[in-house]
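Written below as C-alpha cells is the structure these notes are about.
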Amino acid sequence: MSRIYNKDGKIIDTDEWIEENHPKNGVFKVYWAKNGGVSVEDEGLNQRYEWIYKDGKRGNGPSKGWYPNGNMKQEWNWKNGYKHGLQRYWYENGQLFYEGVLMVEKKVNGLGGMKMELNKWKKYIRKVSLMDYGVGGMKVVN
C-alpha cells in the first residue's frame, strides 16, 4: 500500500491506519490524498484501493487498485483470507503486465498450499513471496 500520512505530514503505520478506518462490513474505499498519501475521504484525486470487509475481516471477492492517473493497477481476488483466483496487474500506461490464476489447494498444520497457473502468452517476470500471506509455497505452471 502507499505511504500514509497523518495530518502533520508524518508517515504512520499502514496496517494500523487500515484497521482504524475500514468498515466492519461492506466495501472499503481508499482515495489518493492531496498530501501525497491516501484518505477515506474523496478529495477529487481518484480512487486508490477498494476491497470488501465482512465481520471486521477481509471478505471474499475482488480487491482493486488504481494509479493516480485513474488507470487500473491491480485486481486480486480473495477467498478465506488469501489471494485466490484471477490475479492481474497493469503498467501505469494501462498495458497488462501480468495475469494468472492463484488457487489455495489445501491447508496442512495451518499452512496453505498454493498453485499459480499463468496464461501461456504472458511471462511471469515478477517474483511473488507467498510467505507474506502465511502459505507454505507456490508452484508455477507454464
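Values for this structure:
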| quantity | calculated |
| --- | --- |
| Greater than 19 Å apart at Cα, pairs in 24/79; 34/57; 57/79; 34/64 | 34/57; 34/64 |
| Neighbourhood charge, 13 Å Cβ-Cβ cut-off, centred on residue 60 and excluding it, Lys, Arg +1 and Asp, Glu -1 | +4 |
| In region 1-100, the trypsin sites (Lys or Arg not before Pro) that fall in loop regions by DSSP, at most 15 other Cβ within 10 Å | 3, 7, 10, 24, 34 |
| Qualifying aspartates and glutamates (Cα of each under 14 Å from Cα of residue 73; at least 8 residues distant if same chain) | 50, 92, 99 |
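Only the coordinates and a few stated rules stand behind these numbers; no lab work does. Computed from a prediction, not measured in an experiment: that's the story for all the values here. Note that each Cβ is placed from the backbone with ideal geometry, even for glycine, and that neighbours are counted across all protein chains shown.
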